[in-house]
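Structure first, commentary second.
The values are calculated or read from the model by the stated rules, or taken from the named source; none is laboratory data. Since the structure is predicted, the reported quantities are computational estimates derived from the model, not experimental observations. Heads up, the Cβs are rebuilt from the backbone with ideal geometry, glycines too, and the neighbour counts pull from every protein chain shown. Side chains are part of the model used for accessible areas, which takes the heavy atoms of the whole protein and leaves out ligands, DNA and RNA. Shrake-Rupley method; radii C 1.70, N 1.55, O 1.52, S 1.80 Å.
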Amino acid sequence: MIWIKGGQGMRGRGVRVSLLLAVAGLGGVDMAAAADPFVDTRVLPRHAGRTPPDLIAYEDALGGQTTFLYRDQRLSPYQPAFDHLAAAPQPVHAMAGLSEGSTAVQALRLRAAGDGWVAAAAARGESGHAYRDGAGTKLNFGYERESEWLGGRFGRQEDTQVTIGFARDVLEDAKLLNYGLDLRYLDQGGGRATVETRSLPGWFNHAGAQAAVFYLHLDADNYNLRAAPSVRLYADGLHRGMRANGWAAHDEAASRTLFGGEISHQTHAATRYGRDYGPAVITGYWVPGVELDRASLWAEHTRRFEKGEIQAGLRYDLVSMSAADAHTVPNAPVAVFAQSAQQLYEATYGPGIDNDSLDHNISGRLRGERRLAEGSLGFLDLSRMVRSPDHAERYSGNGGPAALVEVGNPTLRPERHYKAETGASVEGNGHRGYGRASPAGAWKVSGSVWHDRIEDFVSIDWARGQTGVVSTSGGQVYRNVDAAVSGVSADIQVNPAEHLAVRLNLTGQRGRNLSDGRPLYQMPPFEANLFLDTFGGDDDLGWNVGGRLRMVAAKRAVDSDLGDGSGLDTAGPAGGFATVDLYAGLNIGTNAAVGIGIDNLFDKLYREHIKAVPNTSLGVMPNAPGRTLTLRAMVSF
C-alpha cells in the first residue's frame, strides 16, 4: 500500500489528525467543537494504519515535536516556560529549535484582534537529517517540510460568529527507512468556514453549519533517494474531498438536545508506473478512481444533574463506494502487470465480484459521569461504532510478482465495534495540577480500562486459500475476521514538595484475532513513563528542570509467521528497553524562553515495536536515535 490518506474520515489515529482540524484553533477559537457530534464515526481509523503525517494544528505551530518517525513520544515533557509564552497575547511569536534525530524546526505565528474579530497566520518549517543510533551507526533519514495557516473569526460568541481557516502542508524528499518507497512530494491542505449562532427564535436556540474542502497529492518512488533496485517503481496519488454539515440544538441550563446532518464526497486515485518499461507505462491502478459518498444523520441528548451528567446519541451513516477505473487494464508490456483491478478481485476472492458497495451503518453511544466524592469523578462509556472499510482496503488494485501484489476486497463488510470503558479520577490534599505549586503530599490518580469486541475487523493477510480467498499467490489481501482489543491506562501525580512533582503514566493493550486464534498484529506493549520535575518563578512558570524514564516491556504476543499469519510483526518477539531523557527551560523576562535537553542520555540501542510506515510493509522498524542534544528558543513581541 502506498502511503495515502485513509478514505473514511478526515481524522485518524491520535488527536488533531484531520486535514481540516489543522485550522481549528485560531487565537483560541475552537472551530471543531460546534460541528463534532457525540457519536462521531469519522474518528474510527483502520487498525495500525499509517497515513502521511497529518497537518499540524495551528495552535501547535510553535511546538517542538517534529515529523521524526522512529522515536515514539506519546507524552511530551513538561515545558511551562514555552507553554506560558506561546499563550501570551503578543501579536508575534517566533520559535527555532533542534529536536529528535537532529531535526531542525523554525516557526512564526502572527495574531491580531479587535472588537469582535481576530485574524491569525503562521508558518513552520522542518528539516530532518541523518542520525546515529545507540551503536553509532549512521541512518540515512531526512525530509523537508513546510506548513502554513491563515484564518480569522468575526462576530461575538453570545450572538453569531463566522470562522474561516485555511492550511497547507508540503513534505518533500522524505526517506522512509526499511520501506519500499520514498515520499518525494506530498502537498496536502484544505479550508473550512463555520457559522454558529445563539440568536435563533423558537425552540431551537443554538445552531451551526460548516463547509469544508481538502486535497492531497503525492509522488513516491524507489530510486531517486536510494540506490536503484532491479524494478524501479513510481507512484502518484490524488485525493480530494468536500463536506457540509449543520446542526440545531435546544439548550437549557440542565440539558441539551441536538440534531445534525452531514453530506460528503471524496475521490481517491493512485497509479503505479514501471519506469523500466518507459516514462508512462502503468503497472497497476493502486487506487482505481474510487468515489466515496456519505450521508449522515445524528441525534443526541445531554442531561446534567447535581453530581454528574448523562449523554446519549444515535447516528446513521449511508456510505456508497465505487471504483470507476476498476476495469481499466494497465498498459504494461508484461502480462503479470497487465491486469485490471477487477481481474485481480475475481482472481483473488472469486468470480462475479461487484465493486459497488452500499453500507447502512447504525452507531450509538451512552456515557455517564458522576462525582463520587469531593475531588473524584467516575465514568462509564458504552458504544456501538461502525466503520466502513476505506478505499485502500476495498479497492487496491496492484498486480505483479507476489511481493508487489495488494488486492483490496470489494466484498468487505463494515467493522462493528462494541466497546465498554470505565474509569475514575480522584485527587486530594490541595492538588492544583501537574507542575503547579501544591502542598507537600498533594496527589491525583486517574485511570481507565476498556474492551472492544470487533465483528468483521478488517485484517491484512496474505493469499493462501483461506476462508474468503481463492488465490494462493501469496499476495497481500484483506479479510473480515472477529477480533478483540483490551486496554488499561493509569496516571499518578504526586507533589513530594511544593515545587517538586512526580508523574507515573502507565498504558497497555492486548489484541486477539479470534477467528484465526492468533495475536492481533501491531499491538503496542505495556509502557511506563516516569517524570520528575522541579519548577519555580512567577506563577511556577519561570523555569523548570526535569527528567523522564521511559520503560517499554518486552513484546511476546506477536503475529510474525507468514506461513499461517499476517507476519506484520516482522521483528518477531522483542525485548523491552528503557531510556532516560533530561530537559530544562527558562523564561527570560516576559518575552523570551529557552530550553535544552538530552534525549536517550545513556545512548541506548533500541527500536520501537510499532511501525511508523504502512503495515503493508514487512520491513522492521529502524533503530531509534542514540544520545541527542535538543535545543529550543522562543521570543514574542
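Overview of results
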read-out	value
Cut-off 17 Å, label 7 Å out along Cα→Cβ of residue 331, residues of segment 275-297 by amide N	275-286
Portion, in percent, of the accessible area of segment 166-231 that falls on carbon or sulfur, probe 1.4 Å	60 percent
Unit charges on C-beta of K, R, D, E only; dipole of the chain, Debye	680 debye
Accessible area per residue in Å² at 1.4 Å probe, computed on the chain	40 Å²
In Å², nearest 10: area of residue 264 left accessible to a 1.4 Å probe	20 Å²
Relative contact order %, segment 88-159, counting alpha carbon pairs below 8 Å whose residues are six or more apart	26 percent
Lys/Arg +1, Asp/Glu -1 at C-beta; segment 422-544 dipole; positive extreme among 492, 448, 458	458
Computed over the chain: relative contact order in percent, which uses C-alpha pairs under 8 Å that are six or more apart	12 percent
Potential lengthening between residue 514 and residue 187 on full extension [0.36 nm per residue; Cα-Cα distance subtracted]	113.8 nm
Sequence of 407, 545 when ordered by accessible area, the most exposed leading, probe 1.4 angstrom	545, 407
Efficiency of FRET from Cβ geometry, residue 65 and residue 582, R₀ 22 Å, rounded to 0.05	0.85
Among 472, 105, 166 the positive-end extreme of the charge dipole of the chain (Cβ point charges)	472
Segment 278-350-segment 401-429 distance, computed between alpha-carbon centres (Å)	16 Å
Full-stretch length increase - residue 451, residue 591 - with 0.36 nm per residue and alpha-carbon distance subtracted	45.7 nm
Label-point separation, residue 318 to residue 252 (7 Å along Cα→Cβ), nm	3.3 nm
Among 142, 116, 395 - extreme Cα towards positive end, dipole of the chain, charges at beta-carbon	142
Burial order of peptide ranges 299-310, 587-598 (average beta-carbon count within 10 Å, highest first)	587-598, 299-310
Rg/Rh for segment 103-166, where both radii come from Cα atoms and Rh is the Kirkwood radius	1.32
Accessible heavy-atom area order of 321, 551, 242, highest first, probe of 1.4 Å	242, 551, 321
Two-decimal log10 I(q)/I(0) for segment 525-602, as the Debye equation yields it once each C-alpha is a single scatterer, q = 0.12 Å⁻¹	-0.55
Segment 276-378, relative contact order in percent, only Cα pairs under 8 angstrom and at least six apart counted	32 percent
Rg over Rh [alpha-carbon atoms, Kirkwood Rh] for segment 319-453	1.31
Base-10 log of normalised Debye intensity for the chain (one unit scatterer per alpha-carbon) at q = 0.08, 0.09, 0.12 Å⁻¹	-0.63, -0.81, -1.54
Charged-residue dipole, Cβ positions (Lys, Arg, Asp, Glu), segment 278-346 about Cα centre, Debye nearest 20	260 debye
Two-site label geometry, residue 637 and residue 464: point separation in nm, points 7 Å out along Cα→Cβ	6.5 nm
Net lengthening on full extension, residue 372/residue 94 (0.36 nm per residue, minus Cα-Cα)	95.6 nm
In nm, spacing of pseudo-spin labels at residue 138 and residue 538 (7 Å Cα→C-beta vector)	4.6 nm
With all protein chains modelled, accessible area of residue 385 [1.4 Å, Å²]	20 Å²
Student exercise, segment 481-637 dipole from Lys, Arg, Asp, Glu Cβ charges, in Debye to nearest 20	380 debye
Peptides ranked, highest mean first, by Cβ atoms within 10 Å: ranges 493-501, 418-426	493-501, 418-426
